[in-house]
Structures are given as C-alpha cells and as structure tokens.
Amino acid sequence: MFELDKMIRSNILQLKAYSSARNEFTGTNGIFLDANENPYGKWNRYPDPYQRGLKREITKAIGIQPKNTFIGNGSDEVIDLLFRVFCNPSTDKVLTFSPTYSMYDVSAGINDIELIKVPLNESFDIDLEAVQSHLSDSKLKLILICSPNNPTGNCPDFEKVERIIKTFKGIVLIDEAYINFSEKQSFTCLIEKYPNLVVSQTMSKAWGLAAARIGMAFANSNIIDLLNKVKPPYNISGLNQKAAIEAFEMGEEFLKRKEQILVNKAKLLTNLKNTDVVTKIYPSDSNFFLVECKDADKVYNTLVKKKIIVRNRNNVIKNCIRITVGNADENQLLIEALESI
Ligand SMILES: *Cc1c(COP(=O)(O)O)cnc(C)c1O
C-alpha cells in the first residue's frame, strides 16, 4: 500500500512553509501596505503565489480542478521539486527508462540522487521484467516516465505504465510535455485513482509559450500541497501568469496552430520517407521525429552549414537525429537540404 507520509523526506514533513503577505491577506480590495511594495508603477505588486486566475483557465481548458493543480516555473521545476520533496540526497534512488529526457539526469545530479536507467526495448517500449526487481528497493522513491518520450517520440504502452503505478510504493511522474500532439490517452484520468501519481504537462510545446516557463503538475491534493510548501513563494511571475492566461483565452487560435503543426508533420513524414539519406523514421506521438540516417554526424554538420539546426542524437541512439516539425517553408527547406546530401 502507498503511504504518502512515509515517502516524504522528514525535513520536508516537518518544514513550516514560508507565509508571504499575500498568503496572510488574500483579498483584492484595500490599501496594501503589507508587502513593502512600491506604490507606483504597472508591475509593482507581487503576483498571486497560487496563480488562482491561471488555474481557473486550466480547469476550463484541461478539466482539472485547482486543488489538483500545481504550476511550476517550467516542468523542470516540477521535476526538481519532486526530487527535493521525496528523495534524501546521497541516499535515495530514482528510476527512469532510457533513452529519455536528459534533464532527469541533471536534476538527479544536482540533488545527489542515483538515477537508475532501465533500457527501453527495441520498439522503445517499457520492459516490465527489467524493472520488476527494482520496484521493491526501499531506497527507490521516484519513477520518471516520459510519455510521449523524448527523444524517441512514442508513448510507452498504457497498461504497462499503469501496472507500474499500481505496484510501486513510491511516486510515479508521467511527463506529458507532448501529450497534446498525441491521440493517446493522457494519464490525468488516473490522478483520482492513484494517490502516488503525478502527471506533468507544459505550455512550452503545443501551447506555444516556451518563453513564459509554465509547467503544470496534476495530482491528488496532498501531493499538490507538498509542492506548494516547497516552491519559492512567487515562482511564477506576474508577466508570465498574464501571458499564460492570454494563451488560454485564445484557445481556438492555439488549437488551429496545433492542427497546422499536425498537418505539417504528416507532410514532413511523407517527404522524409522519400529522401535517400534517411534510413528509418520512428513512429511519433509528438511534434518531432527521431530519424535514423546513414551518417548522422555528416547529416547534422551539412544541415548546420545551411543554417538548419536539428538535434544530433548520434551519441544517444546510433546515427539518429531528432527533427522538430516546423512551418511549411522550414520543412520544405529541410527536405531540399537533405536531398542535396
Ligand atoms: C520540452 C520538454 C519539457 C518542457 O519543459 P519546460 O520546463 O516546461 O519548458 C518537459 N519534458 C520533456 C520531456 C520535454 O521534452
């Protein structure tokens, strides 16, 4: 059985959270002389520490209640906070499936946590047998699953992931940065069912707001409360909250842009298949393709000379590059450049 209190680092359990001026008085009308703010200017006031206006928009757009929603300074803050809430430095362990998002490695390193990497199978799906022996390790506190996975592009099998959530006694984070591009089901439908499940999404990709640094975590309210306790009080700037609210208010426009990206993606796939240098294109549930070439370093360097920058993943997956779907013109120039190699 999953017991949240036993999973939390004892210093975090005992921590008394910082109480800001905006925590202690939450009304919006009045003469505010409580936060040592400057009385003049446009951006002179501290932002809402719990981003209530933004969370209302998230409820409308994604259907998840504010009490089940945490907003981080990018998903990267969500990942780091989970390490800090649940993992004792130099003692505990975290597990992920490789190859995957390299930020997990960095966060583990910063927090002095051993990251166990269980290789995905040849179709980049989870190998349940390979993970089994780790699940009973009492030092293992957190499992990170990227779905759709970066850089492979695919989603691991839903039932396999649910089995892990069900059997593991620690926290499972499903990183759904690319879920809006996928037709696969989001794991947010399971947050009420599993008290150890955290699902993260971001406004950086499908919502087109990478500059604003808005990451979201969805989970039961006990986990959300812990993340709020540990985060810096004003982790999302007022400017960024405003940009995110405006993006949600323009929902229709963003949906259209996403549909356009999916149209461009289908065309890019057809054209990539017809180029000689490309030897394999992996199935993608995201806005990018993992592409195997005859010689990835050569392809990468030739493209750079033509001022087209893709991600060389040759040192992660032999002879592979990762290509983001661009606009129609960008994709066309890429194809022409590939055909000239
Ligand atoms: C791009 C990406 C993110 C987004 O991170 P932000 O900090 O929200 O911009 C998260 N996870 C994965 C796997 C990504 O590729």
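The values are calculated or read from the model by the stated rules, or taken from the named source; none is laboratory data. Keep in mind it's a predicted model, so treat the numbers as computed, not measured. Methodologically, a virtual Cβ is constructed for each residue, glycine included, from the backbone with ideal geometry; neighbour enumeration extends over all protein chains shown.
Observations on the model:
- Search result, residues across segment 66-103 that are closer than 22 Å to residue 205 by Cα, part of a loop (DSSP other than H, G, I, E, B) and not hydroxyl-bearing (Ser, Thr, Tyr): 74, 99
- Test: residue in segment 221-243 that is among the small types (Gly, Ala, Ser), free of Cβ contacts under 8 Å to residues at least 40 places away in the same chain and assigned by TED's automatic domain parsing to the domain that holds residue 66: yes
- Boolean, residue 278 is farther than 30 Å from residue 59 by Cα, without any contact (Cβ under 8 Å) to a residue 60 or more places away in the chain and touching a strand residue (DSSP E or B) at 6+ places or on another chain (Cβ under 8 Å): no
- Among the residues of segment 191-206, those identified as within 16 Å of the ligand (Cβ to nearest atom), in contact with a strand residue (DSSP E or B) (Cβ under 7 Å, 6 or more places away or on another chain) and either in contact (Cβ under 8 Å) with a residue 60 or more places away in the chain or not in a loop (DSSP other than H, G, I, E, B) (or both) are 198, 199, 200, 201, 202.
- Selection status of residue 270, among the polar types (S, T, N, Q), loosely packed, with under 13 Cβ neighbours inside 10 Å and either in the same structural domain as residue 180 (by TED's automatic domain parsing) or over 26 Å from the mean Cα position of the chain (by Cα) (or both): yes
- Exactly one residue out of 73, 23, 11, 44 is at pLDDT below 95 and farther than 23 Å from residue 165 by Cα: that is 23.
- Hits in segment 208-225 (condition: touching a helix residue (DSSP H, G or I) at 6+ places or on another chain (Cβ under 7 Å) and not β-branched (Val, Ile, Thr)): 208, 209, 212, 213, 215, 216, 217, 218, 219, 220, 221, 222
- Exclusive hit being surrounded by 12 or more Cβ atoms within 10 Å (Cβ to Cβ), at positive phi and not charged (D, E, K, R), set 63, 74, 41: 74
- Single residue of 18, 50, 104 found to be assigned by TED's automatic domain parsing to the domain that holds residue 226, within 16 Å of the chain's Cα centre (by Cα) and touching a residue at least 12 places away in the same chain (Cβ under 8 Å): 104
- For segment 103-124, the set of residues classified as of a type in the set (Asp, Glu) and more than 17 Å from residue 316 (Cβ to Cβ) consists of 112, 114, listed by residue number.
- Close pairs (7 angstrom Cβ cut-off, 6 or more residues apart or separate chains): surrounded by fewer than 16 Cβ atoms within 10 Å (Cβ to Cβ) in segment 129-152, basic (Lys, Arg) anywhere: 137/93; 139/93
- For segment 225-246, a residue qualifies if it is surrounded by fewer than 17 Cβ atoms within 10 Å (Cβ to Cβ) and either in a loop (DSSP other than H, G, I, E, B) or hydroxyl-bearing (Ser, Thr, Tyr) (or both), and the qualifying residues are 232, 233, 234, 237.
- The listed residue being within 19 Å of the chain's Cα centre (by Cα) and within 30 Å of residue 254 (Cβ to Cβ), out of 192, 162: 162
Residue-wise test of (1) in a strand (DSSP E or B); (2) at pLDDT 95 or above; (3) under 24 Å from residue 50 (Cβ atoms).
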{"residue": "152", "(1), (2), (3)": "no, yes, no"}
{"residue": "160", "(1), (2), (3)": "no, yes, no"}
{"residue": "163", "(1), (2), (3)": "no, yes, no"}
{"residue": "174", "(1), (2), (3)": "yes, yes, yes"}
{"residue": "211", "(1), (2), (3)": "no, yes, yes"}
{"residue": "222", "(1), (2), (3)": "no, yes, yes"}
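- Residue tally, condition assigned to a loop (DSSP other than H, G, I, E, B) and among the acidic types (Asp, Glu), over segment 1-46: 3
- Picking from residues in segment 166-178 that are crowded, with 20+ Cβ neighbours inside 10 Å and away from the ligand (no atom under 13 Å from the Cβ), the one that is farthest from residue 3 (Cα to Cα) is 172.
- Options 187, 168: the member that is among the aromatic types (Phe, Trp, Tyr) and within 27 Å of residue 243 (Cα to Cα): 187
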